Amino acid sequence: MQVNSPSVIDSSSQDNNLSDMDPNAVRAQVKKATLDFKNSWRNLAQALYTVYKDKLYRNWGYEKFDRYTEKEVHIRKHTAMKLIRSYTFLESEEDSLCLTNESESDSVADKPSLTLEAADILRKAKKSLDQGDYEKVKKDIIGGGKESKEVKKDLTALIMKRRKDVNPEEVRTKHRQIAINRFLGLLKAFKNEIEVLKILPGSVAEDIGQLLKTIERHTIEKS
């Protein structure tokens, strides 16, 4: 991802003194500085993502990523992972929100930008809500003028409502089927190893085959 270099106003230069600048130029400067401020976290997140993904911290004498972030970056693992997850979410899911170079667009300052908190809320909304509710949350964050704290409160209430609307029996049935399928997969793999590697008598593989048929028959009858 290409990242804009921070805008720096040289207060020591008379030519760059804000009071001497054209009002429209000051306005553009403020908008650009706002974009840089909101997205500054992404520079750190992008770097941390590379360190985490490529395990670069091991080159610097750290066995674990959290030890590196605590000792050198001075942030907790929770914060580091929040940065990384928010960054990768925006990269993969919300390409329209990525930063661009000024050479690629004449209206960079007008493009949507997100604070870390807003990006984290959007990531959680995408994970927990259906597309319609997610789009509503996104609209509130980007164009609705709502503060992140307010959107987060609304999101929490919406998620809790969705959970209450879910039929508990349907949830239990789903979890039960997932557990059965996982167990069937393990049995099939074990049966295959017995047959290929000859680690147990063939009769054991036959018994497992019968057990698989019995479980699958009961599963069909329950469905």
Checklist entry - Only one residue in Glu91, Glu135, Glu117 is at pLDDT 75 or above, in contact with a Cys (Cβ under 8 Å, 6 or more places away or on another chain) and either part of a helix (DSSP H, G or I) or assigned by TED's automatic domain parsing to the domain that holds Tyr49 (or both). Which one? => result Glu91
Checklist entry - What are the residue pairs meeting all of these: first residue in the range 63-74, first residue in the same structural domain as Leu48 (by TED's automatic domain parsing), second residue β-branched (Val, Ile, Thr), Cβ atoms under 7 Å, and 6 or more apart or on different chains? => result Thr69/Ile75
Next on the checklist: Please count how many residues of the range 1-56 are in a helix (DSSP H, G or I) and at pLDDT below 50.
Outcome noted: 2
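The values are calculated or read from the model by the stated rules, or taken from the named source; none is laboratory data. Quick caveat: nothing in here was measured; it's all calculated off a predicted structure. Neighbour counts are summed over all protein chains in view; Cβ atoms, including those assigned to glycine, are modelled from backbone coordinates with ideal geometry.
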